[in-house]
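Report on the following structure.
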Amino acid sequence: MNEEYHLRFQVSAEGASDIQDRPNTPQGTLELRLRDAFVRYDFAPWLGVEVGQFKAPFDAEGLRPTEDLLFASRAIGQEGVLVGNGFEEPGIVIDRELGVMLSPEKPIRVGPITVGYYAMIANGNGQNQLRNDNNDHAFLGRLELWLWDIVRIGGAGIYNQRTVGTLPNLYGEKDVGVDVDAMLLWKGLEVSGQIVRMTTTFTTTGRRTAAASHGTPRSAIASTRSSCRSSPHIDSPSTTRGPGRAQRRVST
């Protein structure tokens with residue numbers, strides 16, 4: 001990080017990433033896998049650009065730091081059913097993507113209201129994929145609004161046209177997703193919840209819609225202490241307990 005020139009970068013890797021051989025099997029291999037690799041430059045407190053691979057700005061549950069989770073895993077709607085816990089089923093989650101994102105260095109305060117915005121153009125075919133699967137890109141956006149540092153309302157959307165299959169049998173799929181989430185933080189009590197909906201349109205067989213929702217009440221005293229130790233800079237879309245406590249991006 002170079003605070004004088006408002007320039008910073010981050011590189012992180014997972015030393016024992018579990019790669020499955022095929023769906024619904026406990027067998028796999030452990031590999032070294034790149035997680036985050038990006039450079040960020042802030043032109044002004046209200047405008048910065050981030051280039052590289054990082055977490056895409058979509059649902060609040062997926063962006064919440066791992067150490068701030070109430071349980072050992074994220075909500076099942078986002079994490080899905082993992083192998084060994086039942087019939088494997090993917091969740092509605094947008095993980096890391098390779099792309100470019102515009103966002104403020106810190107959330108923008110206007111009186112009692114604090115605003116954060118995140119707009120990204122990405123490859124749209126997941127992490128560690130240098131090449132695009134077609135000539136189209138994924139478009140993601142997220143907006144967060146804090147009221148009196150007590151209530152946070154967030155919304156996000158994604159539009160992604162993908163090409164799947166193997167040569168010569170390639171076909172297109174289109175994902176359109178929305179997220180709405182909210183958090184209330186008052187006197188050590190946190191109540192949060194979100195609704196996510198993803199519609200995938202297939203070129204030959206119609207469409208499929210998946211939706212997930214959850215709500216969580218919890219004591220925020222312990223987690224607020226950990227948030228205060230985090231970096232005061234925004235490295236990723238803010239999912240913190242207050243607009244003044246921006247979290248570092250985590251590598252899990």
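The values are calculated or read from the model by the stated rules, or taken from the named source; none is laboratory data. In this text, all values refer to a predicted model and were calculated from it rather than measured experimentally. Ideal geometry is used to build each Cβ from the backbone, glycine not excepted, and the neighbour counts take in all protein chains shown.
Results, tabulated for the structure shown:
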| item | result |
| --- | --- |
| Selected residue (criterion: surrounded by the most Cβ atoms within 10 Å (Cβ to Cβ)) from residues of segment 71-86 that are of a type in the set (A, V, I, L, M, F, W, C) and modelled with pLDDT of 75 or more | 75 |
| One residue from 105, 144 being surrounded by 16 or more Cβ atoms within 10 Å (Cβ to Cβ), among the charged types (D, E, K, R) and under 17 Å from the mean Cα position of the chain (by Cα) | 144 |
| Any hit, segment 109-117, residues being out of contact with any helix residue (DSSP H, G or I) (no Cβ under 7 Å at 6 or more places or on another chain) and not in a strand (DSSP E or B) | yes |
| All positions within segment 87-102 that are modelled with pLDDT of 80 or more, surrounded by fewer than 19 Cβ atoms within 10 Å (Cβ to Cβ) and assigned to a loop (DSSP other than H, G, I, E, B) | 95 |
| Hits in segment 16-46 (condition: at pLDDT 80 or above, touching a strand residue (DSSP E or B) at 6+ places or on another chain (Cβ under 9 Å) and surrounded by fewer than 14 Cβ atoms within 10 Å (Cβ to Cβ)) | 32, 39, 43, 45 |
| Test for residue 124: is it surrounded by 14 or more Cβ atoms within 10 Å (Cβ to Cβ), on the phi > 0 side of the Ramachandran plot and either not β-branched (Val, Ile, Thr) or not in a loop (DSSP other than H, G, I, E, B) (or both) | yes |
| Qualifying residue in segment 98-113 (condition: more than 24 Å from residue 136 (Cβ to Cβ) and in contact with a Lys or Arg (Cβ under 6 Å, 6 or more places away or on another chain)) | no |
| Hits in segment 165-209 (condition: surrounded by fewer than 15 Cβ atoms within 10 Å (Cβ to Cβ), closer than 27 Å to residue 141 by Cβ and free of Cβ contacts under 8 Å to residues at least 24 places away in the same chain) | 206, 207, 208, 209 |
| Complete set of residues in segment 194-231 that are out of contact with any Asp or Glu (no Cβ under 8 Å at 6 or more places or on another chain) and at pLDDT below 75 | 221, 222, 224, 225, 228, 229, 230, 231 |
| Condition broken by residue 107, with the remaining ones in (1) more than 30 Å from residue 209 (Cβ to Cβ); (2) at pLDDT below 80 satisfied | (2) |
| Residues of segment 116-146 that turn out to be of a type outside the set (Gly, Ala, Ser) and closer than 20 Å to residue 103 by Cβ, as a count | 14 |
| Checking residue 57 against (1) touching a residue at least 60 places away in the same chain (Cβ under 8 Å); (2) exposed (fewer than 15 other Cβ atoms within 10 Å of the Cβ); (3) assigned to a loop (DSSP other than H, G, I, E, B), the condition it does not meet | (2) |
| Residue within segment 175-192 that is in contact with a helix residue (DSSP H, G or I) (Cβ under 8 Å, 6 or more places away or on another chain) and at pLDDT below 85 present | yes |
| Selected residue (only one of 144, 67 is under 28 Å from residue 11 (Cβ atoms), at pLDDT 80 or above and of a type in the set (D, E, K, R)) | 144 |
